Amino acid sequence: MKKLIIIASIMLAAVSCDIIGESSSQRDSRMKDESIWLVRSYIVLPASYTDFLLLVDDYLQAPEGQKDSSIYSEVRKALFKGDGESWLVEGFGILDTRGKSLHDPGTVWKLDFKDSYYQIDIEGFSFECVAEDLWSVVASDDNVTAVKYGDEGVLTVAAFGERKTPDGYDCSFRTEGEFKVILDKEERHRCQWIKGKFVHSVGRGNDVLETCEAEYQGDEYPAVFKLVK
């Protein structure tokens, strides 16, 4: 996870150049890198964090005799009690559970990034149980990701939102259709496979300068990529 965050922050710095005056190949590369960064920030991270925090919740709700199970070995290594209902989750940040189960509709958990290597321009996420097998994840910049569990651990993820690029452009993004995520069975917070269509555009105000459509089929790099404006 630490390596993923570092890569994402490097990529963010790499795509902060000005799109006006770029050649077509430069814009192509820039938009592709932005798509990868957005997918990691608003799809992969919310999905993987939701999955891991649900495991944390299972651990917290488990009877004392079951907390030693090998299923929770990763949680036991990462979780440290803080003040009140807060916990330090090593490699993640400070977690406030409010003393409730994330499996219960209406419950909200908040995760604040505290480690210095979190340089992705997002300060944390709030996780809300909306209904059975459905969670809403809201980033600190108010962008929203929905995470729904399906058969055999396949997650269907939908994301949409708006943000400013480092160089001041308006960026909007969304998933189209079903975007699927499968996580590693051994280390549940690690992404193993993704598939879906992701669209994002950049511009100034009402003027759209460039739009990117990217198809992801297997890993975190688009298999099919095109600029449509």
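Ser116: closer than 26 Å to Leu38 by Cα, modelled with pLDDT of 95 or more and surrounded by fewer than 18 Cβ atoms within 10 Å (Cβ to Cβ), yes or no? The answer is no for Ser116. Exactly one residue out of Asp121, Asp51, Asp142 is on the phi > 0 side of the Ramachandran plot, touching a residue at least 40 places away in the same chain (Cβ under 8 Å) and under 15 Å from the mean Cα position of the chain (by Cα), and it is Asp121.
The rows are residues; the columns are (1) aliphatic (A, V, I, L, M); (2) farther than 29 Å from Gly196 by Cα; (3) crowded, with 17+ Cβ neighbours inside 10 Å.
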| residue | (1), (2), (3) |
| --- | --- |
| Tyr42 | no, no, yes |
| Ser48 | no, no, yes |
| Val75 | yes, yes, yes |
| Pro105 | no, no, no |
| Val108 | yes, no, no |
| Glu123 | no, no, no |
| Val144 | yes, no, no |
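Here Glu64 passes the criteria (1) touching a residue at least 12 places away in the same chain (Cβ under 8 Å); (2) over 20 Å from the mean Cα position of the chain (by Cα) except the one numbered (1).
Out of all the residues in region 162-205, which are open to solvent by 70 Å² or more (accessible area, probe 1.4 Å), modelled with pLDDT under 80 and assigned to a strand (DSSP E or B)? Result: Gln192, single match.
The values are calculated or read from the model by the stated rules, or taken from the named source; none is laboratory data. Computed from a predicted model, the values in this text were never measured in an experiment. Please note: Cβ atoms are built from the backbone with ideal geometry, for glycine as well, and neighbour counts cover all protein chains shown. Keep in mind that these areas ignore ligands, DNA and RNA; they rest on the heavy atoms of the full protein, side chains included. Shrake-Rupley method; radii C 1.70, N 1.55, O 1.52, S 1.80 Å.
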